[in-house]
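Below is one structure; the comments refer to it alone.
The values are calculated or read from the model by the stated rules, or taken from the named source; none is laboratory data. Predicted, not measured: the structure shown is a model, and the values here were computed from it. For the accessible areas, the whole protein counts, side chains as well, though only heavy atoms, and no ligand, DNA or RNA atoms are used. Shrake-Rupley method; radii C 1.70, N 1.55, O 1.52, S 1.80 Å.
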Amino acid sequence: MSTKKIIYLDHAATTPLAPEVLERMLPYLKSDFGNAGSIHTKGQSAKNAVESARRKVAEILWCEPQEIIFTSGGSESDNLALRGTLKKGDHLIISAVEHPAVLQTAEALEKEGVELTKIPVERNGILKVGKVQKAIRRNTTLISIMLANNEIGTLQPVREIGKFLQKNHPEILLHTDAVQAGGILNLDVRHLKVDLLSLSAHKFYGPKGIGVLFAKSKVKLKPQISGGHQENGIRAGTENVAGIVGAAAALDLAEKNREKESIRITKLRDYFIKKVLREIPKAQLNGDPKIRLPGNANFSFYGVEGESILLRLDFTGIAASTGSACASGSLEPSYVLQSLKIPHEWLHGSIRFSLGKSTGKQELDQVVTELKKIIRDLRELSPLFE
Ligand SMILES: *Cc1c(COP(=O)(O)O)cnc(C)c1O
């Protein structure tokens, strides 16, 4: 293990497990190892922990405990929301900037006979509600629009879409991938007016491999994993008790600090954005400057390669990302940035910084100093930049 102090600015990829959360999980990895399906005391202790976690999550989402399904993560929740509700001949509407967990699932379903409409976003990364309204057809049964984008952080008008549906098409279900918003934005499902919502614990200082799907009781979900009767018969498999306890504890902890932390991080983000744009020539911010996640700053630097910036940042102990963890490693610019119609010379030099609990002003100052040097060096080497 490295001992060098790392400046971690990749919270959108994953967050470290909060020590308080680990403490809450440990008993279920040690003495309280029972199967929540067992009749005996150890089993009942596990069962109680799972049900108490379910009530806690339901409280934060303002829904009923039986409307909470624990899954293996955000990807499974998204898959269950789409595959569990759609059948051949149905029409599905998504945004063009959905996470691959929604996008790829939607495209796979299209091959199986589901009609698919992808709504493009505007240059600021935000979807126009009117375009969603116009896309609705006679056979539209599900609309899936993310609450916040994982690459550029822009927030989508999910509540406005929900309001419109409630008034005009109450039969159409609304799903939101809220994975980037967990512990950061208000997750009140009555306020958001959604029927389905996905979360993943490792994005809010909980453990990896555990997710949540909220599904309103009226939604009849077709199980995607069959077997035992766990999770109301919707998702078979012995409960991940420690993971479930950890997810609820992490969401609870995040919720308690949410408003205060959101103000702190928004201020830091705006300070950082201003400083980068002021000190580095030919830099631009991607996505809407205000309607974005508190911790997201995604920049393009003209005439340089994002991957080269990343490697050099890493060498100085700074962890960032080119955008989607899934897209990095490939030379093709991300589909999210492409959908913003950013000119080609800017498209390849994109970097996402995502701030979190450990971020302070001092770290950000240090990042700007390093970034400035790195961009200058790379441009000196680049044939694109005179
Ligand atoms: C991380 C992420 C996912 C996938 O969650 P996993 O728990 O890693 O499967 C889905 N959607 C969005 C928006 C994400 O950021």
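Worth a mention:
- Every Cα-Cα pair of the range 1-158 was included, and the share exceeding 28 Å stands at 42 percent.
- With the helix formula -39500 (n - 2.57) applied to DSSP H stretches of n ≥ 4, the chain reaches a computed 222 nm mean residue ellipticity of -12500 deg cm²/dmol.
- Carbon and sulfur %, accessible surface of the chain computed with the full protein complex present, 1.4 Å: 55
- For Ser334, the solvent-accessible surface with a 1.4 Å probe is about 10 Å², rounded to the nearest 10.
- In this structure the chain gives 45 Å² per residue of accessible area when probed at 1.4 Å with all protein chains present.
- Residues Trp346, Trp62 ordered from highest to lowest accessible area at a 1.4 Å probe: Trp62, Trp346.
- Solvent-free Debye calculation, one equal scatterer per alpha-carbon of the chain: log10 I(q)/I(0) at 0.09, 0.12, 0.13, 0.14 Å⁻¹ equals -0.54, -0.94, -1.07, -1.21.
- Cα convex hull of the range 137-209, projected area averaged across orientations, nm²: 5.5
- Built amide H within the under 5 Å cut-off of Ser321, gap 5+: Arg352
- Taking a ≥ b ≥ c as the square roots of the eigenvalues of the Cα gyration tensor, an a/c ratio below 1.5 marks the range 70-183 as rounded.
- For Ile119, the residues whose modelled amide H falls within less than 5 Å of its own, excluding neighbours fewer than 5 places apart on the same chain, are Ile94, Ser95, Ala96.
- Using the Karplus relation 6.51 cos²θ - 1.76 cosθ + 1.60 with θ = phi - 60°, the per-residue 3J(HN,Hα) values for the range 97-102 come to 10, 4, 4, x, 4, 8 Hz, with x marking Gly and Pro.
- Based on the Kirkwood approach, the hydrodynamic radius assigned to the range 171-292 is 17.0 Å, with every pair of different Cα atoms included.
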